[in-house]
Every structure is written in C-alpha cells, then in structure tokens.
Amino acid sequence: MLAVPLLRPGSLVVTISFFPGSYLNGADQVAYSVAKAADDRMIAVMAEQLRPRQVTAVALYPGLVRTEGVLRAAEFFDLSNSESPEFVGRAVAALAGDPEVARRTGRCLVAAELAEEYGFTDVDGARPTTARAHFAEQARES
C-alpha cells in the first residue's frame, strides 16, 4: 500500500487471478487455490480502502493463456479456447477506457466475458469463451 499516495482519482488497479479455490479441487491445487483466493480477497479489501480515493481495484481471470510455458507444454493442453497474452492486455485496456469502471470495484472479472461486453477480440480475431462453466462443472463432479 506504499503506492497509494501515487494513485490519482480514476486510477485502476488490476491483479491477475484465476477462478477461486472453490472451483479447484485436489491435493495438488491447495497452494495455488489459496494464493488465488488471497488475491481475490485482497482486491475486495483494497477496493474498500481505495474507494474514498476514487480508485478502482479488480481481479481479472484469464482463461488458458498461451504463455511461453504453456506453449512449451502444448501437447498437454487443449488450446482450442486459449487466449494470447495480448487478449488479457485488451481486457485491461477496455477496463481502463471505461468511464464507468468504478462500478466494478472489488469484483472478480473474466477476460472472455469482458470481451463479449466490450466487443474486443484476440489478436487472431477469435473471441474465447468463458471457462466459468468448465470450472463449475469440475467442482460439481468432485
């Protein structure tokens, strides 16, 4: 919170998170789930603390992002609904350009859902679909 004095009214703080720990199951997911749940809680608290300064704070959930690491292990992933890093950046840019973004403060937002709302696409023209239903289904099956 040392940067708070530098944040001007209308500033936007975005953390990259992922679907909350309640969607992820299995012993191998404990640390990751706890870390992402902490990101989401941090944004909720930060949003309240920054509200008087008119600063918006949100968590952004990308889908499967085609990072260098993911591409190196591409044989293990279904990349058919994946997102480029630029797609995630476009989601942040759309939020930053929204004069009404303050209405979203404290929320967890899904990049693919923002693409639908704001009308942007990935660099290849595709519009990935939200992974929300996929993770909800995984949670029901466990």
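Nothing in this text is a laboratory measurement; each read-out follows from the coordinates by a stated rule. Small disclaimer: the values here were computed from a predicted structure and weren't measured. Glycine also receives a Cβ, built like all others from the backbone with ideal geometry; neighbour counts cover every protein chain displayed.
Annotations for the structure displayed:
- Calculated FRET efficiency, A133 to I16, Cβ-Cβ distance, R0 = 25 Å: about 0.75 to the nearest 0.05.
- Label sites at R8 and V101, each approximated as a point 7 angstrom past Cα along Cα to Cβ, lie 1.4 nm apart.
- Its DSSP H runs of at least 4 residues, each contributing -39,500 (n - 2.57), put the calculated 222 nm mean residue ellipticity of the chain at -12000 deg cm²/dmol, to the nearest 500.
- Long-range HN-HN contacts of S11 with modeled amide H, under 5 Å: T56
- Ranking V110, M46, F19 by Cα position along the charge dipole of the stretch 11-133, where only Lys, Arg, Asp and Glu carry charges on their C-beta atoms, puts M46 farthest toward the positive end.
- E113-A44 pseudo-label distance in nm [points 7 Å out on the Cα-to-Cβ vector]: 1.5 nm
- Global geometry of the chain, whether rounded, prolate or oblate, following the gyration tensor of its Cα atoms and the 1.5 cut on a/c: oblate
- The relative contact order of the chain comes to 28 percent, based on Cα pairs under 8 Å that sit 6 or more residues apart.
- Axis angle, to the nearest 10 degrees, between helix 30-50 and the longest C-alpha principal axis of the chain: 20 degrees.
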